[in-house]
Structure formats: C-alpha cells, structure tokens
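**Student:** Before I ask anything, let me first share the structure, which is written out below as structure tokens.
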Amino acid sequence: MTINRRIFLGTAAAATMAAPMVMGASHGRPRVVVIGGGAGGATAARYVAKDSKGEIDVTLVEPTRSYYTCFFSNLYIGGFRELSSIAHSYGTLASEYGINVVHDWAVGIDRDAKTVSLAGGDTLPYDRLILSPGIDFVEGAVPGWDISQQGRMPHAYKAGSQTELLKAQIEAMPEGGVFAMVAPPNPYRCPPGPYERVSMVAHKLREENPTAKILIVDPKQNFSKQALFEEGWAKHYGGMIERIGPDFGGENVSVDPMAMTVTIDGAVENVDACNVIPAQKAGRICELAGITEGNWAPVVPQTMQSRMDENIHVLGDATNQGDMPKSGFSANSQAKVAAMAVRGALTDSRVFPAKFSNTCWSLIDTEDGVKVGATYEATDEKIAKVDGFISDTGEDEDLRRQTFEESLGWYAGITSDMFG
Amino acid sequence: MRHAVLILSVCAAITTAARAEEGARPIGDAERGETVFARKCASCHQVGPDARHRIGPHLNGIFGRKAASFPEFNYSRSIERARDDGLVWDLRRLDAYLENPKALVSGTRMNFAGLKNQRDRDDVLAYLRIFSDNPQNIPEAAPTARKMEVDLPEEVLSIEGDAAFGEYLSSECTTCHQVDGDNDGIPSITGWPEEDFVVAMHAYKQKLRPHPVMQMMAGRLSDEEIAALAAYFKGLE
C-alpha cells in the first residue's frame, strides 16, 4: 500500500502515546476496537484502518504475538508445511496501517460505558466494537475430557502448541498403534477440518507406521465432502481408517485421558493417541458481553452487527448468521462487510450491498486437493446461500494437483489480506 | 409386388434423408473454410493426413479433445490451467476461441487477433470438422442450441467502471488473488487492460471459461460490477 500523510501521522501519534497506556491516542477520531486477531479480526482491523485513511483510530486486541492459522495446520501434521510457515505476526498492521496492536486478553465489556477491560488492567473506550474471538469448547461435551486434559488428549483445534503436541503424539505411537479422533457435532469450526486431519494423519502413518489404525468416533450421520474423503481414503489409505457413526454408537462416547481409553457405546478401546474435538460455542468474551443466544452470537446479515447491540459487530466462527460455514474464508469475507459498515457509520463513507463468499480447500494426499464453495447474500432473516459448487469424485490427477496448487495461492492471498 | 415394395422403401429413404437435412444445418461451408484456413491459420497450424505440430499444434481430431492435450507440445501455462479446469474443444468453445483467443485463455501463446466474422468462423470450423473422427457436441440436429461467442453488446463494453465501488468489490477477489500481483497457484489479476478484464469475466459468467469458483463468483456480478472491478484492478501495479 502507499502510506499517505494521514496514516503516517496516525502511526506517529500512536507511537508517541504508546506508553504507558495505548488508548489515549485518538484525538477525537472515532475509535474502533477489534478483539481477536484471526481471519475475521485482523482483516477487519486492516480494512477499517486502510480504507478510512487515518480517519478512524483502530486498536486490535490479540493475546498472542505469533498467530498460527488453523487453516493449513493439518498440512503441518501431515508433513507438508513447517509450523513456522503458518505463523504470522502483527508488525505490518502496526507499522504500515497505524493500528494499535495490544497483546492482552479482553476480559470484560461494559456495553453502557462502551469500554473493553483487559487482563492487564487497561480499559479501552470504543465507538464501535468488533468481536472476532473464534471458538471455545462446550464444557462436559465429551464425558471424561475437559480443557485441563488437553495435554494428554489434545484438541488441536486452535493452532500452535496444541498442533505440535498432537503431531508429536502421533510420531510416538507404537508400531501398529491406534490413533482415535472424537469428532464434534454440528455446528463447529471448519466443517471439513477433522476429515482433512484424518487424511493427513493417514498420510503420515502410511509413511512412518503403516500398520497403524485410525478410528473416528463421530456423532454426525454425514459430514462435509464425505464422498470425496471416503473415495480418497479408499484409494490412498485402504483399510487404515474406520469411522463409527451414530448408528454404531458414535454419539455415545466418553474418554479416559489417564488410562488412554475411548469408550464407545460401552465398549472400551485402548488408544495410543487421541484427538478430542469437543462441541463448540462462541469465544467466551461474547458470553461475557451478553450478546449470545444459546451457544452463538446472532448477527444482522447486512452489517454483521450483533442483534443485541448495534455498537458491536461480531465476525466468523462465533456468530450465528445463517448458511455460511464457520471458516477462515467466511470470517475474512464477513470482516470486509463489517469494516465497510463501520466506516459508513463513523465517517459517512459510501456503503455498498453486502456480499459474502466462501471456499474451503482440503488435502487428501500428496497433490490430491478438493474444494467446496458458495456465494451468499444478506436477507433480513439470515445470510443465505445463492450458489455453490463442490469437486467431483473421480476427477483426474491434473485437476486435483491444480486444486492443491490453488489452495497454496489462496493461503498466500488470504494471509496477506489479513496481515498486510 | 416386389416392385411395389422397392418403390416404398425408396420413398422411405428419401423422406428420412429430407428430415435429416431439415434438422441438420451444416456448421458452415467447408470448402470456403479451407481457403480461410489457408489464409489465416496455416502459418502456424496444420490439419489433414500428414499434419504435424508447427508453431501451433496440429488440429486433427480437435473436436471433443481436451485442450492442451499433446504431451510433446509446449503449451502456455495459461492454457494448461484451462485444460486442468476442464476446457474441452467443443463447437461452442472453439468458436469463442477463434473469435477472440484471449477472451477464453488470457495468457495463450496463440498470437492471433481472432476471426471477427461469424461466417469465417463457421466455415473454418466446418473444414476442421472433416478431420475429427468422432466429433462431440456438434449440434447439427439442433442449431438453435448453439451459443455463438462471448456475447457482449457494445453498451456493456462501454460502461464506465466506478473504481471506488470496484475497490469494495475487489475485497472478495483479494482473499485469493494477491493485491500485489504475486501469483503462485492463483493467477494475478492486477494491471489488466479494462476490456480484457471485462471480456474474461463475462466468459466466466457465460460459463465459456471452465473454472467453477470463477464461474460462481462472476455469475452473480452485474455488468456494472464487472466494469467497476476492471476499473479498479487496472489501476493496480
């Protein structure tokens, strides 16, 4: 981007005021606080800052300094990516876009005072708040498992150290051992994610431990891209993967992390590595703000505003919005709509009709990529699907390789769209 | 009696032939097509019994063949991508390609402005058809099913794009296409001449270009939105 004078001044002002408290820097400019620096939050912060050309003061609150994308973290497990290649920092958002990046946890929201309180003790005032906190897990969703057990049975559903741990546990499996996955019920982050993960684990085991077995315990009758995954599993990993659906007890599962067992409909299985992906809900800050209904935060499709508070916009996995899947691509798409609405409200910039889209690529084996996608529009009731497509079974190798290469291009595209 | 039977079957044969004639409009005049081919195409392409690859690949069996499908021929990356997306040379796509090669395949090495005259294209295709053993998708029995080309009226091409609107719309594109023009796995879309951009997007919208994501994305863009995007991306280096 070109740095114009206003942004430069904005950055300088932010830098001058940075110590000891970040939030005094606005000088009468409207203030936007974004909570969560993932596909929704980072994109929203960048678009508000970029397109308002310094007219809006943007603060991004994100606890981690290195952000690991969930998308492509399965490829790390499969050995197709280095962990460092999915790590991103917020340096460019701060230096080139003048965003105040605060590495802290948001622990409370006062909707009347319009302030956010941080674990470190600071309070951030806002004119508009954008919440993109991702997911948390529903307590008690898998009997025997809670978050304190994530060291023995990782969820690896927030990328980073959990992903590393899961990979290390797979590598430590004995010859011919069993890898189990407890798959989540709908709705959850990244619908094809668990099944791409199984593909990547199978790829790794085929190379390193070919007599090992994979057991999926699944409460769902059907899953995303099912025909494509099942075709691919039969083709590449014949016999290695067994899935127990609800008809055979997949709904009735408990685990014992100390004993390393999974109990399916009363039958106890010994396992050597176990990936528990529990039922999910909106990131906890949504609940603390009092903008959830059930497990998720309902939003107005045209602007992504919370249905409970017009000064708060909610993005991505945390929302209940209609037909879009919970994915990084969806969050990125919603972020641009929200950024436009926020700018329109705070600076009278032009507002255009909302458009949404999503595409999810999955890797089944080396250069065997598939995809599913759709476009969406805002109706009064929900974000509604307009049109979609999915890869076909039986596609030739060239097309699958091209789809995989396209996913690499997409990764480069979306991460530069998020982090600048 | 034998005589009568013979007459009857002759009548039946004539009737059948007449019906076929009525439903089957030939693509064009192959004889005239041969002269157009000699003038416009033969400097790069050969067709016929002894045809070999020259600057362009030979054109025997072109109908129904997958694009860029001779492993020994050195194609552009662009047409290989279209091939992998499923581009097959049926009548409709050959016609679109002959009219404006870059509308269908942006980076094609076929350095040819296109045959703008529909009759020339019809005749050349009728000529090429002679050298395809097993032509597919040639709607000789249903000429009305034939879609001619990237069908863009002058008023669509002349819409002045609103670049500010295009900038907003572009945020959908930049999730995949990098705004700095880098391309790895997904082509660059920055700095294109506006008309090429507009024609390419309409070719996706009309499902002449094969990629499913792009058909879907372009499919819901209005003429104004396509023009706005073209205006915005043209300005990016």
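The values are calculated or read from the model by the stated rules, or taken from the named source; none is laboratory data. What you are looking at is a predicted structure, and each value in this text was computed from that prediction instead of being measured. Glycine also receives a Cβ, built like all others from the backbone with ideal geometry; neighbour counts cover every protein chain displayed. Ligands, DNA and RNA are stripped out before the accessible areas are found, and what is left, the full protein with its side chains, is counted by its heavy atoms. Shrake-Rupley method; radii C 1.70, N 1.55, O 1.52, S 1.80 Å.
**Student:** Quick check on my filter: what residues within the stretch B:127-162 are over 16 Å from the mean Cα position of the chain (by Cα), at pLDDT 65 or above and within 24 Å of B:THR35 (Cα to Cα)?
**Tutor:** B:TYR127, B:ILE130, B:PHE131, B:SER132
**Student:** With the structure loaded, tell me whether A:SER362 is buried (at least 21 other Cβ atoms within 10 Å of the Cβ) and of a type in the set (Gly, Ala, Ser) or whether it fails that test. Let's see the steps before the verdict.
**Tutor:** On the way: buried (at least 21 other Cβ atoms within 10 Å of the Cβ): yes; of a type in the set (Gly, Ala, Ser): yes.
Taking the combined requirement at face value, the residue satisfies it.
**Student:** Further question: Exactly one of these conditions fails for A:ILE364: (1) of a type outside the set (S, T, N, Q); (2) in contact with a strand residue (DSSP E or B) (Cβ under 9 Å, 6 or more places away or on another chain); (3) closer than 19 Å to A:ALA49 by Cα. Give me its number.
**Tutor:** Unmet for A:ILE364, out of (1) of a type outside the set (S, T, N, Q); (2) in contact with a strand residue (DSSP E or B) (Cβ under 9 Å, 6 or more places away or on another chain); (3) closer than 19 Å to A:ALA49 by Cα: (3).
**Student:** Working only within the stretch B:165-178, note down all residues that are facing chain A (nearest Cβ under 7 Å) and more than 17 Å from A:ARG343 (Cα to Cα).
**Tutor:** B:GLU172, B:THR174, B:THR175, B:CYS176, B:HIS177, B:GLN178, listed by residue number.
**Student:** Sort out for me the strands (runs of 3 or more DSSP E) sitting completely within the stretch A:111-178 that have 3 or more residues that are β-branched (Val, Ile, Thr) and open to solvent by 50 Å² or more (accessible area, probe 1.4 Å).
**Tutor:** none
**Student:** Which one is farthest from B:ASP162 (Cα to Cα), of the residues in the stretch B:203-216 that are touching a helix residue (DSSP H, G or I) at 6+ places or on another chain (Cβ under 7 Å) and free of Cβ contacts under 8 Å to residues at least 60 places away in the same chain? Reasoning before the result, please.
**Tutor:** Residues of the stretch B:203-216 that are touching a helix residue (DSSP H, G or I) at 6+ places or on another chain (Cβ under 7 Å), as a first pass: B:203-205, B:207-211, B:214-215.
With the extra rule that they be free of Cβ contacts under 8 Å to residues at least 60 places away in the same chain, the set shrinks to B:204-205, B:207, B:214-215.
On the way: B:TYR204: 21, B:LYS205: 20, B:LYS207: 25, B:MET214: 21, B:GLN215: 22 Å.
Here the answer is B:LYS207.
**Student:** Another one. Hey, can you tell me all the residues within the stretch A:315-349 that are of a type outside the set (A, V, I, L, M, F, W, C), touching a helix residue (DSSP H, G or I) at 6+ places or on another chain (Cβ under 9 Å) and in a loop (DSSP other than H, G, I, E, B)?
**Tutor:** To start, the set of residues in the stretch A:315-349 that are of a type outside the set (A, V, I, L, M, F, W, C) comprises A:316-317, A:319-323, A:325-328, A:330, A:332-334, A:336, A:343-344, A:347-349.
Next cut, touching a helix residue (DSSP H, G or I) at 6+ places or on another chain (Cβ under 9 Å) only: A:316-317, A:319, A:321, A:326-328, A:330, A:332-334, A:336, A:343, A:347, A:349.
Once the filter is applied, which keeps residues that are of a type outside the set (A, V, I, L, M, F, W, C), touching a helix residue (DSSP H, G or I) at 6+ places or on another chain (Cβ under 9 Å) and in a loop (DSSP other than H, G, I, E, B), the stretch A:315-349 yields A:GLN321, A:LYS326, A:SER327, A:SER349.
**Student:** Would you check if there is a residue in the stretch A:356-364 being over 24 Å from A:PHE229 (Cβ atoms) and under 23 Å from the mean Cα position of the chain (by Cα)? If you could, list the steps in order and put the result at the bottom.
**Tutor:** Keep residues of the stretch A:356-364 that are over 24 Å from A:PHE229 (Cβ atoms), which gives A:356.
Still in the running and under 23 Å from the mean Cα position of the chain (by Cα): A:356.
For the stretch A:356-364, residues over 24 Å from A:PHE229 (Cβ atoms) and under 23 Å from the mean Cα position of the chain (by Cα): present.
**Student:** Moving to a separate point now. Within the bounds of the stretch A:380-394, is there any residue that is among the aromatic types (Phe, Trp, Tyr) and part of a helix (DSSP H, G or I)? So that I can check it myself, show each step before the final result.
**Tutor:** To start, the set of residues in the stretch A:380-394 that are among the aromatic types (Phe, Trp, Tyr) comprises A:389.
Next, from what is left, pick out any that are part of a helix (DSSP H, G or I): none.
Taking every residue of the stretch A:380-394 in turn, none turns out to be among the aromatic types (Phe, Trp, Tyr) and part of a helix (DSSP H, G or I).
**Student:** If you don't mind, there's one more thing I want to ask. Out of A:GLN334, A:GLN321, I need the residue that is away from chain B (no Cβ under 14 Å) and in contact with a strand residue (DSSP E or B) (Cβ under 8 Å, 6 or more places away or on another chain). Which one? Lay out the reasoning, then the answer.
**Tutor:** On the way: A:GLN334 fails: away from chain B (no Cβ under 14 Å).
Matching residue, one of A:GLN334, A:GLN321: A:GLN321.
**Student:** Starting from the stretch A:377-401, keep only residues that are more than 8 Å from chain B (Cβ to nearest Cβ) and surrounded by fewer than 17 Cβ atoms within 10 Å (Cβ to Cβ), then list their pairs with residues that are in a loop (DSSP other than H, G, I, E, B) and of a type in the set (D, E, K, R) whose Cβ atoms are within a distance under 6 Å, requiring at least 6 positions of separation or different chains.
**Tutor:** Going by the 6 Å Cβ cut-off, the qualifying pairs are A:ALA384/A:ASP323; A:LYS385/A:ASP323.
**Student:** If a residue counts only when it is open to solvent by less than 40 Å² (accessible area, probe 1.4 Å) and either touching a strand residue (DSSP E or B) at 6+ places or on another chain (Cβ under 8 Å) or touching a residue at least 40 places away in the same chain (Cβ under 8 Å) (or both), which strands (runs of 3 or more DSSP E) contained entirely in the stretch A:258-313 have at least 1 such residues? Step through it out loud before you land on a result.
**Tutor:** Working: elements: A:261-264, A:267-270, A:273-276, A:280-282, A:297-300.
Output list reads A:261-264, A:273-276, A:280-282, A:297-300.
**Student:** Among the residues of the stretch A:350-376, what is the count of those that are free of Cβ contacts under 8 Å to residues at least 12 places away in the same chain and either more than 10 Å from chain B (Cβ to nearest Cβ) or part of a strand (DSSP E or B) (or both)? So that I can check it myself, show each step before the final result.
**Tutor:** Applying the first criterion (free of Cβ contacts under 8 Å to residues at least 12 places away in the same chain) to the stretch A:350-376 yields A:350-351.
Subset that is either more than 10 Å from chain B (Cβ to nearest Cβ) or part of a strand (DSSP E or B) (or both): none.
Counting residues in the stretch A:350-376 that are free of Cβ contacts under 8 Å to residues at least 12 places away in the same chain and either more than 10 Å from chain B (Cβ to nearest Cβ) or part of a strand (DSSP E or B) (or both) gives 0.
**Student:** Quick check on the stretch B:79-94: of everything there that is in contact (Cβ under 8 Å) with a residue 60 or more places away in the chain and over 10 Å from B:LYS66 (Cα atoms), which residue is least open to solvent (accessible area, probe 1.4 Å)? Even if it seems obvious, please write down each step before you answer.
**Tutor:** Of the stretch B:79-94, the ones in contact (Cβ under 8 Å) with a residue 60 or more places away in the chain are B:81-82, B:85-87, B:91-93.
Next, only the ones that are over 10 Å from B:LYS66 (Cα atoms) stay: B:81, B:85, B:91-93.
Working: B:ARG81: 48, B:ASP85: 31, B:LEU91: 6, B:ARG92: 64, B:ARG93: 46 Å².
Among them, the one singled out is B:LEU91.
**Student:** Could you identify the single residue in B:PRO212, B:PRO193, B:PRO187 that is within 21 Å of the chain's Cα centre (by Cα), open to solvent by 10 Å² or more (accessible area, probe 1.4 Å) and at the interface with another protein chain (Cβ under 7 Å from one of its Cβ atoms)? Steps first, answer last, please.
**Tutor:** Numbers: B:PRO193 fails: at the interface with another protein chain (Cβ under 7 Å from one of its Cβ atoms); B:PRO187 fails: at the interface with another protein chain (Cβ under 7 Å from one of its Cβ atoms).
B:PRO212 is the lone residue from the list that is within 21 Å of the chain's Cα centre (by Cα), open to solvent by 10 Å² or more (accessible area, probe 1.4 Å) and at the interface with another protein chain (Cβ under 7 Å from one of its Cβ atoms).
**Student:** Oh, and also: I need the full set of residues from the stretch A:236-257 which are part of a loop (DSSP other than H, G, I, E, B), open to solvent by 50 Å² or more (accessible area, probe 1.4 Å) and either among the acidic types (Asp, Glu) or at pLDDT 95 or above (or both), in order please.
**Tutor:** Just the residues of the stretch A:236-257 that are part of a loop (DSSP other than H, G, I, E, B), to begin with: A:238-240, A:245, A:249-252, A:257.
Now drop any that are not open to solvent by 50 Å² or more (accessible area, probe 1.4 Å), which leaves A:238-239, A:251-252.
Those that are part of a loop (DSSP other than H, G, I, E, B), open to solvent by 50 Å² or more (accessible area, probe 1.4 Å) and either among the acidic types (Asp, Glu) or at pLDDT 95 or above (or both): A:GLU251, A:ASN252.
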